[in-house]
Amino acid sequence: MAGMEAEPGMAGVEVEPGMAGDQAEAGMAGVREGWEEAYAASLENRLGDPDVAVYVIDAPGGTLAACGIGFIFERFPGPRLPDGRFGYILGMTTDPAHRRRGHGRAIMDALMTWYRDNGVSRVDLHATSDGEPLYRSYGFTSPYPGLTWTAP
């Protein structure tokens, strides 16, 4: 995937396909030790898969300003998902020093374009309160309560 120029008004900011280590270094909070290495290894194994997209924005000096990952999954078809394919966005993060500059929106633009280009008609994500307004501006809604089970 070639880099994409960000939205107007963000001259010089390029959204690029990401590298596996970028996500593990992005300051994401984990709950179990060793998750960073497992995350980076899993992502590295999946890079190049047509059902995975990683976009990054580099900060000056080569550090990571922002990133996000999109996956396409398949499950049984249903009335609202005739082909069974749906997207899931995760790993959306912007370094605090680079927030409020449109980087998250540029990453979302790239991901949503990728989903549309791949014929995906449903995309899910779990939002933080900080990110929720951005996702709602793309039309994301809460049609039902999200529930999660985690093994003790």
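Each reported figure results from applying straightforward, stated rules to the coordinates on display, with no laboratory input. This structure is a prediction, so every number in the text was calculated from the model and none was measured. We place every Cβ from the backbone using ideal geometry, glycine too, and count neighbours over all the protein chains shown.
Observations, loosely collected:
- The Cα trace of segment 50-152 gives Rg and Dmax of 14.9, 49 Å, the first to one decimal, the second as a whole number.
- Burial order of peptide ranges 112-122, 63-73, 97-107, 141-151 (average beta-carbon count within 10 Å, highest first): 63-73, 97-107, 112-122, 141-151
- Projected label distance in nm at Asp51 and Arg122, using a 7 Å step from Cα toward the beta-carbon: 1.5
- The translational diffusion coefficient of segment 48-101, from Stokes-Einstein at 37 °C and 0.692 mPa s with a Kirkwood hydrodynamic radius over alpha carbon pairs, comes to 251 µm²/s.
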